[in-house]
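Accompanying notes for the structure given below.
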Protein chains: 2
Amino acid sequence: MKIRSMISVLLLTGATAAGAASDWQALPDAAPSPANNPTTGAKVFLGKMLYHDPRLSASGTVACASCHNVMAGGEDNRAGSVGIRGQVGGRSAPTVWNSAFNSVQFWDGRADSLEAQAKGPVTNPIEMGMKSWDDAIRVLNQIPGYKPSFKAAFGSEEINQEKVVQAIAAYERTLITPNSPYDRYVKGDKSALTDQQVRGMNTFAEVGCSHCHSGPAFNGPSLPQGQGFYMMFPAQQDADIDAKYKFTADTGRAQVTKNDADKHMFKVPTLRNIALTAPYFHNGAVKTLDEAVRVMAKLQLGKTLDDKQVGDITAFLEALSGEFPRQDMPRLPGTPGHTFPFE
Amino acid sequence: MKIRSMISVLLLTGATAAGAASDWQALPDAAPSPANNPTTGAKVFLGKMLYHDPRLSASGTVACASCHNVMAGGEDNRAGSVGIRGQVGGRSAPTVWNSAFNSVQFWDGRADSLEAQAKGPVTNPIEMGMKSWDDAIRVLNQIPGYKPSFKAAFGSEEINQEKVVQAIAAYERTLITPNSPYDRYVKGDKSALTDQQVRGMNTFAEVGCSHCHSGPAFNGPSLPQGQGFYMMFPAQQDADIDAKYKFTADTGRAQVTKNDADKHMFKVPTLRNIALTAPYFHNGAVKTLDEAVRVMAKLQLGKTLDDKQVGDITAFLEALSGEFPRQDMPRLPGTPGHTFPFE
């Protein structure tokens, strides 16, 4: 218990500067791309198709978009997502919107880029369930209509895993929701937030939410390397909450690092569009935003907020819902004679 | 067996006029709407959202679009579609593209309109699995963002089953794929088809395919009322085919009419975009288009086609893939605090 408390203090201390109330930042209109995968129109065009193509799953029914629905809040409003054969995952799908601004991906931070993230679900047996990436590439090779798009994006028709995840990541970097009421307020339009939302914004900083939820995406991008995580240790702070929401049933980041100090550590998620992405936390145990605010203040900050504070912070969080760009539906090229499930 | 043969002859005779080779028709650019549900922009806008909204299913994961994917050929390239909890349906999902031109809906024709069809899947326990339409309406009522769209489409914010299915049907009536190579050929562009496709078009008529697959959507719309069905009776024609593809395991329309004469009768499906919608037939037992052509000629027409005929007809059928209209993705309004599965 002592170790956990120390880490908690360390996390909060390390983040104070970034979370100062004077540091409110609007969301950029575009996300930066890595040097080895510059965003291009041809890659985005291809990536949007692949992202929406259920044929990347063994059953032919589960696409990236199935659990990370870009027509909605970028996830599926479920505690656990549903993969092939009706299997239910153990963690709540994070939103794909603004995921380009995450320093790490997955709740346990096991991927350090969108490209690395995209490699996971295709062969996860309870998600898209392909036996191997070779199988996924074999399916794509059987769809002649993909070849010109791979050529346009990467210079050759050859299809491989690296190109697939680069195209998907390039598309995901376009999934940005700027111009929320909060952003307009920060840029100078003082009428963009209600009085309650402005109160909530100040309360959010005062009680300490912004210690971790800092930066333009409210996900602590400037936290020291490897510290963009928070620890769920409710048994210490409030045994009732732990009994109710079972947060500590999942050991989180420790499964990746094999380090006991990382037990129950989870990535600081973005708060952008948080009003659209119930249920909350890694296990989706909390159904409403006001309860999520109350629980978080208690567990992470040791504070019991009153109803007014909770209402104000919740109203502020609702002002983080941005503008979703209009998107054409992709046209998925035909599968001549090839049918699913894939065998 | 005698009764079946008589019905078969009756079907073929009744359809001869409509299927004459001189009667090639291009697909209209728009589908007619019924007097009680005129197509309007506001209804289509709402219907597109509802069609893509997985929250109409009990699990929150299955939308109309899940099995009838408009980004692809309007279905799911599976023998049986996958509903909630991974359940697999018994018949292959028909395409939604050009379904506005079907005189009846479902393989067994149990719905006489798109509106009537849309009532089925929401409460089908192995499809979207809502216990009742009341539950579906309750979910929609918990999504405040839907109310303005219902008001714009129907004059009041009230949400009910009739409005939901009318909006979905109005959207489906916009899902038309004109300007296929075949259409351009029929309209006078003689270069739109290859020589092989023109040969296939003539063979298609000569061997008798067009007896049932007549009209602009090749689905026999002008067949006498109640006769837009074909009978699967392979045991009579070819016991090997029956053993291989199990077509007669499903009694088809007889389940609706409780009439033995309708045993193994199924709706004549459209052939529009057929190259994109493998696998084929009501049970999806045939994976490739050329095999579907061969099987159909044998079972329905008693003819054994040679490879050239099969190749030519298949090439012609590939010329029935039309232009898919560009569509914006719908924005699904948020679910504040409401999560799935629905209970």
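What follows draws every value from the coordinates through simple rules; no lab data is involved. The structure displayed is predicted, hence computed values, not measured ones. In this analysis, Cβ positions are derived from the backbone assuming ideal geometry, glycine residues included, and neighbour counts consider all displayed protein chains.
Two-decimal Rg/Rh of region B:116-272 from alpha-carbon positions, Kirkwood Rh?
1.09
Find every distance from the label point of A:GLN142 to the corresponding label point in the other copies (7 Å from Cα along Cα→Cβ) and write them in nm, one decimal, shortest first.
Shortest to longest, the spacings are 4.0 nm.
Quick one: with label points 7 Å out along Cα→Cβ, list the inter-copy distances for B:GLY90 in nm, shortest first?
List, nearest first: 3.8 nm.
How large is the helix-only mean residue ellipticity at 222 nm for chain B, computed as the sum of -39500 (n - 2.57) over DSSP H runs with n ≥ 4, divided by its residue count, in deg cm²/dmol to the nearest 500?
-10500 deg cm²/dmol
Can you give the % of DSSP beta bridges in the protein assembly as shown that are antiparallel, to the nearest 5?
Close to 75 percent.
Can you find, among A:ASN202, A:PHE229, A:ALA243, the residue sitting farthest towards the positive end of the charge dipole of region A:140-288, where Lys and Arg contribute +1 and Asp and Glu -1 at Cβ?
A:ASN202
Quick check on region B:41-172: what does the Kirkwood estimate of hydrodynamic radius come out to from the alpha carbon pairs, in Å?
This gives a value of 14.8 Å.
How large is Rg/Rh for region B:102-190, to two decimals, with Cα atoms and a Kirkwood Rh?
1.13
Suppose you put the label 7 Å out from Cα in the Cβ direction; list, shortest first and in nm with one decimal, how far B:PRO32 is from each other copy's label.
Label point to label point, same position, other copies: 6.2 nm.
What translational diffusion coefficient, to the nearest whole µm²/s, does region A:242-343 have by Stokes-Einstein, given a Kirkwood radius computed over alpha-carbon pairs, a temperature of 10 °C and 1.306 mPa s viscosity?
93 µm²/s
Quick check: the distance between the Cα centres of region B:169-212 and region A:24-72, to the nearest angstrom?
So the two Cα centres are separated by 36 Å.
Please state, as a whole number in µm²/s, the translational diffusion coefficient that the Stokes-Einstein equation yields for chain A at 20 °C and 1.002 mPa s, with Rh defined as the Kirkwood radius across alpha carbon pairs.
Estimated diffusion coefficient is 102 µm²/s.
Scaled to the compact-protein estimate 2.2 N^0.38 Å, what is the alpha-carbon radius of gyration of region A:153-203, rounded to two decimal places?
This ratio for region A:153-203 stands at 2.02.
Cα-based count: Lys pairs in region A:41-172 below 15 Å, eight or more positions apart or different chains?
9
Among the residues of chain B, which one places its Cβ closest to the rotation axis that maps chain B onto chain A, and what is that distance in whole Å?
Result for the B and A rotation: B:GLY86, 1.
At a 10 Å Cβ-Cβ cut-off, how would you order B:PHE218, A:PHE101, fewest neighbours first?
By the 10 Å Cβ count, ascending: A:PHE101, B:PHE218.
Please sort B:44-57, A:113-126 by packing, taking for each peptide the average over its residues of neighbouring beta carbons within 10 angstrom, highest first.
In descending order of packing, they fall as B:44-57, A:113-126.
At 0.890 mPa s and 25 °C, plugging the Kirkwood radius over alpha-carbon pairs of the protein assembly as shown into Stokes-Einstein gives what diffusion coefficient in µm²/s?
My calculation gives 90 µm²/s for D.
Please list, in chain and number order, the residues 5+ apart from A:VAL286 or on another chain whose amide H is under 5 Å from its amide H, with Hs placed from the backbone.
Here A:TYR280 satisfy the definition.
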